[in-house]
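Written below as structure tokens is the structure these notes are about.
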2 protein chains.
Amino acid sequence: MRMSQLAQEAGLPTATVKYYLREGLLHEGRLTSPTQAHYDETHVERLRLIRALVGPAGQSIASTRRILAAIADPPSELDLLGIAHDAVTPRYPAELPTDRARQVVEGLGWNSAHCAPSTLGALQEALDGLEAGGFELSDETLERYASAMMVVAADEIAEIPTDSAEAAARFVILGTVLVEPLLLALRRLAQQTASAQRFSGSRQSG
Amino acid sequence: MRMSQLAQEAGLPTATVKYYLREGLLHEGRLTSPTQAHYDETHVERLRLIRALVGPAGQSIASTRRILAAIADPPSELDLLGIAHDAVTPRYPAELPTDRARQVVEGLGWNSAHCAPSTLGALQEALDGLEAGGFELSDETLERYASAMMVVAADEIAEIPTDSAEAAARFVILGTVLVEPLLLALRRLAQQTASAQRFSGSRQSG
DNA sequence: CAATACTGGATAGTTAGACTATCCATGTCA
DNA sequence: TGACATGGATAGTCTAACTATCCAGTATTG
């Protein structure tokens, strides 16, 4: 198919498709002449993936490019997560001390040596944010949250496909990013459900 | 204190403080003359909160304004969550059908009538995103994720302070937003921990 | 085979969001 | 008194993500 049809299939203006081509998010079509190209189903799928990443998953174009690159050139299983997380985690100021984050991680019985610095930075920022908002989480609460997320994470790690490096990379990298909005939506729905139970039934729709 | 000192306490340029004043995020200082004003500790705290919201919590200025307004003018406990979630959830296209989201919620044994439309929209988008990425979550996996988030949510709902409407509003609204980055960070750390366990020990730092 | 429409690629322009800089008529204080 | 700071208004900057225009080169149609 040609570009206008590709754009139509993906529900995007051709100008946007051209933009994604320029930005290297979408692979080139097969040139049939110096000024004409053909696109196929892989382009349609890629566009859908791009939209999912920059839409619900909230990734930037630059981050999406890194994610797609990591999938296309799969790293070894050993540092898959590191690369996935680094591709996705914004840079934190290197001077941000992560003492408290480390302390929390160790307190949970996890080994902070296994944790990427950028992820520890993210935890530190989250803790700082809560503090700025006047929240203090008890250790027990933090532990409950952490074990809840461990349930999710253990599940995900267990389900990493082992048949091919490509499949594993795709699973880990996309799973990292695409499951985030799912979890946040589930949390809110759970809050609404729990709230309805606590305030026994009648709540106005908000 | 005066503006330059306020800005210094918060670690921000005065131009930014002025901007937040203009945008209505920061309450006015007490005028001591037509062109001079005094600020106090509440302004410093407010600035810290604003930075936490627009920083780690990733909220926009407009969303931050809604959040602060909801805290300042606390709604009843009954529709607190609805307002908190609406203040925070981006608008979803109204025509987006949420059939599947409803079905998932009901399948979890929750009552979709207790769920805000915007939150169902968020769930639907998350599910669509996963599908676009070629993921299919089994019902069991979805259930495990949902119950993990219910652990978190039930905890939060149970801890809503009951002494004052202000305290409750602050807890719910800020908790909704500020805990999100915490959960995402914990999930990644849990993944790294689980991964290290699965691949028995030696993983390069990423 | 000429007229027309469309294509891919390059380049420039737009929009929105979040600041940032400049001005200026007061205040303040050494 | 006079240098400097302040609050408020206004305009400018910067980045990200598109969007519009242009143009030479096909494809297509009568």
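Of the helices (runs of 4 or more DSSP H) lying entirely inside the range A:44-162, those containing at least 1 residues that are open to solvent by 30 Å² or more (accessible area, probe 1.4 Å) and within 10 Å of another protein chain (Cβ to nearest Cβ) are A:80-88, A:117-132, A:139-158. Set side by side, the residues A:Thr32, A:Thr14, A:Thr42, A:Thr64 differ, and just one is touching a Ser or Thr at 6+ places or on another chain (Cβ under 9 Å) and either at pLDDT 95 or above or of a type in the set (Ser, Thr, Tyr) (or both), which is A:Thr14. Take the range A:25-39 and flag every residue that is near DNA strand C (Cβ under 8 Å from one of its atoms) and either of a type in the set (Gly, Ala, Ser) or within 14 Å of chain B (Cβ to nearest Cβ) (or both). A:Gly29, A:Ala37 - these are the residues of the range A:25-39 that are near DNA strand C (Cβ under 8 Å from one of its atoms) and either of a type in the set (Gly, Ala, Ser) or within 14 Å of chain B (Cβ to nearest Cβ) (or both). Within the range B:1-24, residues that are away from DNA strand C (no atom under 11 Å from the Cβ) sit with their Cβ atoms under 7 Å from residues that are of a type outside the set (A, V, I, L, M) and open to solvent by 80 Å² or more (accessible area, probe 1.4 Å), at 6+ positions apart or across chains, in these pairs: B:Ala10/B:Arg48; B:Gly24/B:Arg65.
The values are calculated or read from the model by the stated rules, or taken from the named source; none is laboratory data. Everything numeric in this text was worked out from a predicted model, so none of it was measured. Every residue, glycine as well, gets a Cβ built from its backbone with ideal geometry; the counts of neighbours run over all protein chains shown. Only protein heavy atoms, including side chains, enter the accessible area calculation; ligands, DNA and RNA are left aside. Shrake-Rupley method; radii C 1.70, N 1.55, O 1.52, S 1.80 Å.
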